[in-house]
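The values are calculated or read from the model by the stated rules, or taken from the named source; none is laboratory data. Model, not experiment: these values are computed from the prediction. Because the Cβ atoms are built from the backbone with ideal geometry, glycine has one as well, and the counts that use them run over all protein chains shown. Accessible surface areas use protein heavy atoms only, side chains included; no ligands, DNA or RNA. Shrake-Rupley method; radii C 1.70, N 1.55, O 1.52, S 1.80 Å.
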Amino acid sequence: SSNMEIIVQQFKPPKHENTLFLDRDGVLIHTVERDGYRSSVRHWNEVKLTVICEMLKNIQGWNLVMITNQPDLAKGFIDEEFLRKVHSHIALNIPLNMAFTCPHKEEDNCNCRKPKTRLINMFHGIYNLKGKEYMIGDTWRDRDCAEAAGIPFILLEGL
């Protein structure tokens, strides 16, 4: 439902000036083909890390902050416990600092669902870091979010 709160997870405190904002599905973990659509993972056996995780494993000098829309929470396909387990799994494989999750559906018209910038603004509100920033994503929502936040965008396609 639309009264669900943004889910914020901290794995390790950001300590660098520079920050990489990362989308989750199609960037850090693979999406799943479901009824002809790209879907988020709903079962543990669907969780598969991408080659990007391999590349980020030993990254130095950057905070890694995941920014993700997960409408499957509001739709009841997954619960928060599963979501947190998936994100912890990612954080065991890359030096992920934080994850910010919008749990709402498009029609909830919240202010946190990308392309809106509230998740990025929340990070900036907690940490006043003044270094370089980039956002890596695979959809127009990610691109428009980065653009609205004034952050250079890197588009990943066909992972």
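Subtract the Cα-Cα distance of residue 157 and residue 3 from 0.36 nm times their separation in residues, and report this length gain in nm to one decimal.
52.1 nm
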Would you mind telling me which residue in 141, 113, 38 has the biggest mean-square fluctuation in a Gaussian network model of the chain, where springs connect alpha carbons within a distance under 10 angstrom? 38
Express in nm, to one decimal, how much length is gained between residue 34 and residue 140 on full extension, taking 0.36 nm for each residue of separation and deducting their alpha carbon distance. 36.1 nm
Of (i) 1.10; (ii) 0.96; (iii) 1.19, which one was derived for Cα Rg over 2.2 N^0.38 Å from the structure shown? (ii)
With every protein chain in place, the chain: carbon and sulfur % of accessible area (1.4 Å): 49 percent
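Net charge near residue 98: determine it from the other residues with C-beta under 15 Å of the C-beta of residue 98, scoring Lys and Arg +1 and Asp and Glu -1.
Local charge sum for residue 98: +3.
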Keeping all protein chains in place, calculate the accessible area per residue for the chain (probe 1.4 angstrom), answer in Å². 51 Å²
Loop only by DSSP, 11 or fewer other Cβ within 10 Å of the Cβ. Give me the GluC sites (Glu not before Pro) in the stretch 1-94 that pass, ordered by residue number. 5
Local charge sum around residue 109 (other residues, Cβ-Cβ under 15 Å, Lys/Arg +1, Asp/Glu -1)? +3
Looks like the stretch 76-159, by Cα gyration tensor root eigenvalues a ≥ b ≥ c and the a/c under 1.5 rounded cutoff (else prolate when a/b is bigger than b/c, oblate otherwise), is rounded
